[in-house]
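Presented below is the structure to which this report refers.
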Amino acid sequence: MSFSIVVDGVSFAWSDGTPVLDGLDAAFPAGRTGLIGANGSGKSTLLRIIAGELVPRTGSVSVGGEVGYLPQNLSLKATRTVSDLLGISAARSALHAIEAGDVAEEHFAAVGDDWDVEERARAELDRLGLDHVGLDRTVATLSGGETVMVALAAQFLKRPDVLLLDEPTNNLDLDARRRLYAAVAAWPGVMVVVSHDRALLELVDQIADLREGSVRRYGGNLSDYEEMLAAEQEAAERDVRVAEADVKRQQRELVEARTKLDRRQRYGKKMYANKREPKIIMQERKRQAQVSAGKHRNMHTEKLEEARDRLTGAEQAVRDDAEIRIELPGTAVPAGRVVLELPLPRPTRDTDREDGRVLEELVVRGPERIALLGPNGSGKTTLLRRIAEHGANVPVRYLAQRLDLLDDSLSVLDNVHALAPSAPVHEVRARLARFLFRGDRVSRPVGTLSGGERFRATLAALLSAEPPPQLLLLDEPTNNLDMPSVRQLAQALAAYRGALIVASHDLPFLEMLGLTRWLRQDRDEGLTES
């Protein structure tokens, strides 16, 4: 099999010495590959190394052709335009100058053979559902989902030989996701996509699982991978049971062997005491018995150690996806208590809604669990910010999409302690352990964390804050989370006893939360309860 990307012995560590990859070997063939793995395993770092954004400490990467890369977090200036993001501003300016009568040679050089650049760009935007987005619009006027889709359009427009996508469905509404799925399915080149989106991972040709510093490839899509993994885990658990039984058997045989040896030694001492045979013969028999006993004991001890080693190996083959465990009695809200009263602006367009009632005021009572749906750019994030700024009748905390609550230069421990200054350090450490930050991991700078780790740290900080939040606002919380982390988040929120408002396009995740209300925000039609 020929490979389009070859990673040979790559090691990488952050500037503070935190290791991420150590001697990694991997190869990606033609077609679409879904790169999965636990948060913090190094998926995003590996993509950045392949894209040439990071230089490995050791090892090398070879790529067959031009590389296109869509990062997980887009850091864009608000004044940049859609044309800038698409990389066509220079060609457009030159084209407009020529059309205005300026025949300077540099304009023709800038255009080259790309005389239909605007038409192709417009067609790519339209294909991704961005027909309402003009080429001269600025980033500041785009929603998070629209920005991601424009960046995707830029990659599809360039048509690189190898395309790397890091969590491309982040911030995308359901319609945008469907358009992305269609574009991915039609992609003719090599693609490596990091994602937790199940529907997207069903479109790939192979799965590459980055786990414990190595990559294993499985043919087929996510469902095929999960079926093969389930069979592997079943076999691994069966091996553990066999190894456990073997350890018990070896322990029993060792005890039995020691019992027999003790009997022989007692018999030998008794014979020696009665002196029924010559002394020299008795001493020789004693020496032989000691040698035989030592060999017998060592043999059974070695068998037991071998059995224990087999058990350890079998146990290591069984995956253990740790769970977040939290207890938050301070967040509880009594049923019926009015948590929030927020007047809402009148819709800009009067329409008769058959699917729900348009709200004039958002009232939240007791420990309600509310889903906030709506297309990209409809104002979900704006509504959550209004709630946070308006204030509520209880302590409120807002988890934004960009996860910018924490200070990148400070450790996880220092960040959480800053929001809970009266808590003893050992108590903060205990809280972080429940969010899977244990030992030295609490001392890592936040700037070195993966997207999922950063989310867990931010959630730990919010839920540990003083006073404890009794209204929690989450904006696209499953962005950057792998599938085990999504389950962990759902488990954490299951323990939360306050009021909850979650804006998300991740319907499987929302269905795990035990929601009590569903609200929909539309651009012109206001907030609707269904």
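Remarks
- Some residue of segment 469-479 being modelled with pLDDT under 85, of a type in the set (Asp, Glu) and not in a helix (DSSP H, G or I): no
- Tabulated pairs, segment 89-112, first free of Cβ contacts under 8 Å to residues at least 60 places away in the same chain, second among the β-branched types (Val, Ile, Thr), C-beta under 6 angstrom, 6+ apart or interchain: 91/111; 91/117; 94/111; 95/111; 107/98
- Residue in segment 21-33 that is within 19 Å of the chain's Cα centre (by Cα), farther than 29 Å from residue 145 by Cα and buried (at least 20 other Cβ atoms within 10 Å of the Cβ) present: yes
- Residue, nearest to the chain's Cα centre (by Cα), within segment 4-20, restricted to residues that are of a type in the set (Gly, Ala, Ser) and more than 27 Å from residue 223 (Cα to Cα): 13
- Test set (1) surrounded by fewer than 19 Cβ atoms within 10 Å (Cβ to Cβ); (2) at pLDDT 85 or above; (3) farther than 28 Å from residue 14 by Cα - residue 443 fails condition number: (3)
- Identity of the residue in segment 408-438, of a type in the set (Asp, Glu) and surrounded by fewer than 16 Cβ atoms within 10 Å (Cβ to Cβ), that ends up nearest to residue 473 (Cα to Cα): 408
- Contact annotation: residue pairs with Cβ atoms under 9 Å, 6 or more positions apart or on different chains, pairing a residue in segment 212-233 that is closer than 21 Å to residue 25 by Cα with a partner that is hydroxyl-bearing (Ser, Thr, Tyr) and modelled with pLDDT under 90, are 212/41; 213/41; 218/225; 219/225.
- Any hit, segment 223-238, residues being crowded, with 21+ Cβ neighbours inside 10 Å, small (Gly, Ala, Ser) and modelled with pLDDT of 85 or more: no
- Single match in 454, 487, 431 (criterion: over 30 Å from residue 199 (Cα atoms) and either in contact (Cβ under 8 Å) with a residue 12 or more places away in the chain or outside any helix (DSSP H, G or I) (or both)): 431
- Taking the criterion of being over 18 Å from residue 479 (Cβ atoms) and loosely packed, with under 14 Cβ neighbours inside 10 Å, the residues of segment 381-407 that qualify are 389, 390, 391, 407.
- Among the candidates 399, 383, the residue that is assigned by TED's automatic domain parsing to the domain that holds residue 473 and either in contact with a Phe, Trp or Tyr (Cβ under 9 Å, 6 or more places away or on another chain) or farther than 20 Å from residue 141 by Cβ (or both) is uniquely 399.
- Selection of first residues in segment 512-527 that are small (Gly, Ala, Ser) and of second residues that are assigned to a loop (DSSP other than H, G, I, E, B), restricted to Cβ pairs under 8 Å at least 6 apart or on distinct chains, gives the following pairs, ordered by first then second residue: 526/344; 526/345; 526/346; 526/347; 526/359.
- Residues in segment 470-487 that are touching an Asp or Glu at 6+ places or on another chain (Cβ under 6 Å) and more than 15 Å from residue 169 (Cβ to Cβ): 484 alone.
- Residues that are among the charged types (D, E, K, R) and out of contact with any Ser or Thr (no Cβ under 9 Å at 6 or more places or on another chain) within segment 1-34 comprise just one, 32.
- Yes/no for residue 461 being crowded, with 24+ Cβ neighbours inside 10 Å and either over 16 Å from residue 196 (Cβ atoms) or among the β-branched types (Val, Ile, Thr) (or both): yes
- Residues that are more than 14 Å from residue 376 (Cβ to Cβ), buried (at least 18 other Cβ atoms within 10 Å of the Cβ) and under 30 Å from the mean Cα position of the chain (by Cα) within segment 117-138 comprise just one, 124.
- Boolean, residue 98 is assigned to a helix (DSSP H, G or I) and buried (at least 19 other Cβ atoms within 10 Å of the Cβ): no
- Search result, residues across segment 434-451 that are without any contact (Cβ under 8 Å) to a residue 40 or more places away in the chain and among the basic types (Lys, Arg): 438, 441
- If you go through segment 510-530 and pick out every residue that is out of contact with any helix residue (DSSP H, G or I) (no Cβ under 8 Å at 6 or more places or on another chain), surrounded by 14 or more Cβ atoms within 10 Å (Cβ to Cβ) and within 13 Å of residue 345 (Cβ to Cβ), you end up with 4.
The values are calculated or read from the model by the stated rules, or taken from the named source; none is laboratory data. Fair warning: this is a prediction, and the values are worked out from it, not measured in the lab. Because the Cβ atoms are built from the backbone with ideal geometry, glycine has one as well, and the counts that use them run over all protein chains shown.
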